[in-house]
Amino acid sequence: MSTAVSKKLFIKTWGCQMNVYDSGRMADILAPLGYALTDSAEGADMVILNTCHIREKATEKVFSDLGRLRPLKEAKAGAAKAAQSEDGAEPMIVAVAGCVAQAEGEEIARRAPWVDLVFGPQTYHQLPEMVARAHRHAGRPLVNTDFPVESKFDHLPGEAGVQGATAFLSVQEGCDKFCTFCVVPYTRGAEYSRDAAGILAEARRLTAAGAREITLLGQNVNAFHGEGPDGSVWGLARLIRALAEIDGLERIRYTTSHPRDMDDDLIAAHRDVPQLMPFLHLPVQSGSDRILAAMNRKHDGDTYRRVIDRLRAARPDLALSSDFIVGFPGETDRDFADTLKLVTEIGFAQAYSFKYSARPGTPAAALDDQLPEAAKDDRLQALQQLLWAQQGAFNQGMVGRVIPVLLDRPGRRPGQLQGRSPWMQSVHLQAPAHLLGTIQPVRIIDAKQLSLTGTADLVAEEAA
Ligand code: 5AD
Ligand code: SF4
């Protein structure tokens with residue numbers, strides 16, 4: 001079979017790491033059709049907007065991007081026509097993927113009928129077929145937002161594309177928790193875990209291609225319950241222990257977790273598995289039991305505190321990250337004070353905080369006591385100030401220490417590399433390029449709010 005002409009593929013990705021992973025897999029699937037990634041929509045043969053619906057304005061941003069793409073598509077169609085060539089010059093295919101596509105498929109078809117493809121997160125393994133149909137299909141997008149019975153993971157190509165020292169690996173998808181503010185159970189569908197054998201095979205391929213660190217991904221990753229090679233059901237801890245056996249895989253992380261699914265075995269894995277990094281993203285959302293109940297989080301503040309205590313007992317250097325929502329319907333000053341109290345007690349190395357945003361179709365959007373924007377703004381500012389100070393102090397505490405850094409990217413200037421600490425901090429240092437992709441001891445000499453500066457002296461000594 002001859003290789004198809006080289007075509008340019010531009011993918012714009014919004015949102016979570018699962019979307020980043022999905023975009024990578026879309027590129028893998030399209031590669032055999034002759035598509036190679038490019039970094040601009042201009043002149044591209046195919047543009048995919050891989051969208052996120054989790055918070056405000058996502059849909060409007062997608063429509064405004066689509067508005068900008070339309071003239072590019074028309075220009076390309078004009079050029080293809082003028083050339084009248086047989087060298088494969090075809091119109092641009094414009095696709096909307098991800099959770100906005102899933103939630104707003106018909107609306108996209110109505111408002112932007114010149115879009116070619118609209119597909120959700122569970123159907124992108126059918127891209128080759130969709131692309132072929134798009135070429136024959138004009139005037140109305142092909143909308144594919146089913147939740148197919150077969151899993152896309154059984155239909156994705158084995159070879160992952162371009163790889164670096166850090167890689168994502170999707171192990172679980174969807175969510176059955178139904179927090180009242182969240183669209184994920186509707187856009188990503190029911191909880192689903194991949195088979196362990198497929199995950200282990202993908203991890204071995206990634207490691208062989210140079211990955212030293214793998215982050216296991218899932219909307220509810222610690223609810224993982226995939227079939228093991230022996231037919232039994234494996235939890236996440238069992239999977240992590242098996243991954244830790246892979247030669248050359250030096251670091252393992254997982255995200256995002258739910259406090260309810262932090263079971264004994266997983267906590268024990270933090271104690272027993274040295275490759276499991278001492279950093280955990282464990283969203284709490286609020287410190288108020290009343291609000292946590294209204295959010296249907298299925299845990300209260302004290303349950304969360306106890307889980308953290310047990311994790312810290314298992315792995316004393318564990319650093320924590322979390323997600324917070326301020327201004328959930330009915331949140332009072334007192335509820336918000338409980339959130340600040342929890343943050344002060346626990347201490348976070350990193351955090352993401354958001355103003356509550358009513359998502360159409362979710363139960364909380366229908367609640368009466370929605371808060372005014374100004375109140376949400378004030379609370380967000382107060383919370384972020386506290387979290388910012390904790391993050392700054394955590395980073396400052398690294399100064400003077402020698403820590404293992406995975407050098408995974410070239411630096412901003414020649415002679416520099418960037419890397420990642422065990423606690424997810426970015427580290428900048430002068431270091432020779434041949435160390436890219438390795439873990440080196442680095443002395444931290446300075447700390448900023450969002451990054452650390454290290455010195456390569458130790459690296460040079462090692463090399464000497
Ligand atoms: N409004 C604000 N933040 C939200 N998140 C999810 N849904 C909403 C919403 N409707 C936040 C939660 C979640 C993170 C990924 O996004 O904090 O953990
Ligand atoms: Fe959304 Fe809650 Fe599921 Fe997380 S656990 S994906 S916040 S419904």
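Numbers at a glance
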quantity	calculated
Alpha carbon centroid spacing (whole Å) that separates segment 380-447 from segment 333-370	29 Å
In order through segment 173-189: 3J(HN,Hα) via Karplus (6.51 cos²θ - 1.76 cosθ + 1.60), integer Hz, x for Gly, Pro	9, x, 7, 10, 7, 6, 4, 6, 9, 10, 8, 3, x, 8, 8, 9, x
Reachable aspartates and glutamates from K57, criterion Cα separation under 18 angstrom, eight or more residues apart if same chain	D65, E104, E106, E107, E373, D377
Whether the chain is rounded, prolate or oblate, judged on the alpha carbon gyration tensor where a/c under 1.5 counts as rounded	oblate
The chain: relative contact order as a whole-number percent, Cα under 8 Å and 6+ apart	9 percent
Segment 341-435 shape via C-alpha gyration tensor axes, a/c threshold 1.5	prolate
Taking segment 196-312 and dividing mean pair separation by its residue count, relative contact order in percent (alpha carbons under 8 Å, at least six apart)	23 percent
Qualifying trypsin sites (Lys or Arg not before Pro) in segment 38-81, DSSP loop, other Cβ atoms within 10 Å at most 16	R55, K57
CD proxy at 222 nm, helix term only [per DSSP H run n ≥ 4: -39500 (n - 2.57); per residue of the chain; nearest 500]	-11000 deg cm²/dmol
Efficiency of FRET from Cβ geometry, L367 and A82, R₀ 51 Å, rounded to 0.05	0.35
J(HN,Hα) series, segment 368-378, from Karplus relation 6.51 cos²θ - 1.76 cosθ + 1.60, nearest Hz, glycine and proline x	6, 7, 5, 8, x, 3, 4, 5, 5, 4, 4
Residue-span extension gain [R412 to E345] - 0.36 nm each, minus C-alpha spacing	20.4 nm
Length released on extending from D289 to V273, taking residue separation times 0.36 nm less the Cα-Cα span	2.4 nm
Built amide H within the under 5 Å cut-off of S170, gap 5+	L217
Accessible surface of the chain, 1.4 Å probe, proportion on carbon and sulfur as whole %	52 percent
17 Å reach of a label modelled at A393, 7 Å along Cα-to-Cβ, counting backbone N of segment 347-362	347-351
Orphan Cys of the chain, criterion: no other Cys C-beta under 4.7 Å	C16, C52, C99, C175
Rounded if a/c under 1.5, otherwise prolate or oblate - segment 143-270, Cα gyration tensor axes	oblate
Contour minus Cα-Cα distance for R110 and R401 (0.36 nm per residue)	99.0 nm
Beta bridges by DSSP in the chain, antiparallel share as percent, to the nearest 5	35 percent
Heavy-atom accessible area ranking, 1.4 Å probe, most first, across E42, E56	E42, E56
Amide H within-cut-off set for G189, under 5 Å, with H built and near neighbours excluded	C175
Between segment 21-36 and segment 214-258, the alpha-carbon center distance in angstrom	25 Å
Dipole-positive endmost among A208, G189, N222 within segment 184-245 (Cβ charges, Cα centre)	A208
Length-normalised contact order for segment 293-431 - Cα pairs under 8 Å, 6+ apart - percent	19 percent
Nonlocal amide H pairs with S353, under 5 Å, H built at 1.01 Å	F324
Listed residue pairs exceeding 29 Å between alpha carbons, taken from K61/K448; K7/K152; K73/K376; K73/K177; K177/K341; K12/K341	K61/K448; K73/K376; K73/K177; K12/K341
Residue-wise HN-Hα coupling along segment 254-270, computed from phi with Karplus coefficients 6.51, -1.76, 1.60 (Hz; x: Gly, Pro)	8, 7, 10, 10, 10, x, 4, 9, 7, 8, 4, 5, 5, 5, 5, 4, 5
Cα-centred dipole magnitude for the chain, charges only on beta-carbon of K, R (+1) and D, E (-1), debye, nearest 20	800 debye
Spin-label pair T455/E129, simplified geometry with 7 Å Cα→Cβ offset, distance in nm	6.1 nm
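The values are calculated or read from the model by the stated rules, or taken from the named source; none is laboratory data. This is a predicted model, so every value here is computed, not measured. For neighbour counting, all protein chains shown are included, and Cβ atoms are generated from backbone atoms with ideal geometry for every residue, glycine included. With ligands, DNA and RNA removed, areas are computed over all heavy atoms of the protein, side chains included. Shrake-Rupley method; radii C 1.70, N 1.55, O 1.52, S 1.80 Å.
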